[in-house]
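The values are calculated or read from the model by the stated rules, or taken from the named source; none is laboratory data. Just so you know, these numbers come straight off a predicted model, no measurement behind them. With ideal geometry, Cβ positions are generated from the backbone for all residues, glycine too; neighbour counts draw on all protein chains shown.
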Amino acid sequence: MGKPPKKRVEGGRVTAKGTQPESTRYTPPGVYSHEKISAPWVPVVMFGLLIVGVVIILANYVGWVPGDTSNWYLLLGLGFVLGGIITATQFH
């Protein structure tokens, strides 16, 4: 069985030959990326939360936390690390 014959498409160019659009790059409306500037406290909070979280996790691992080692200290440390990661998404 052979291939069916190709259909001829009617029509042609949408724009006139030799014309170029104004710009080939789409720029969405709103604030441009070079205008976005984070507040100076954002990286301080980000690194602070990350460091505090790691210190709490390490202190729990070594046994420097008050009382016995507990999963609650690990969850607290992971919460601080997660807070640092979420803050990092706001940094421009």
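Points worth noting:
- Of all residue pairs spaced 6 or more apart or on separate chains, those with beta-carbon atoms under 8 Å, a first member in the range 58-80 that is in a helix (DSSP H, G or I) and a second member that is surrounded by 14 or more Cβ atoms within 10 Å (Cβ to Cβ) and of a type in the set (Ser, Thr, Tyr) are ALA59/TYR73; ASN60/THR69; ASN60/TYR73; TYR61/THR69.
- Any hit, the range 32-48, residues being outside any loop (DSSP other than H, G, I, E, B), touching a residue at least 24 places away in the same chain (Cβ under 8 Å) and over 18 Å from the mean Cα position of the chain (by Cα): yes
Conditions tested, residue by residue: (1) more than 30 Å from ALA88 (Cβ to Cβ); (2) modelled with pLDDT of 70 or more; (3) of a type in the set (Ser, Thr, Tyr); (4) surrounded by fewer than 10 Cβ atoms within 10 Å (Cβ to Cβ).
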| position | (1), (2), (3), (4) |
| --- | --- |
| PRO4 | yes, yes, no, yes |
| GLU10 | yes, yes, no, yes |
| THR19 | yes, no, yes, yes |
| THR27 | no, no, yes, yes |
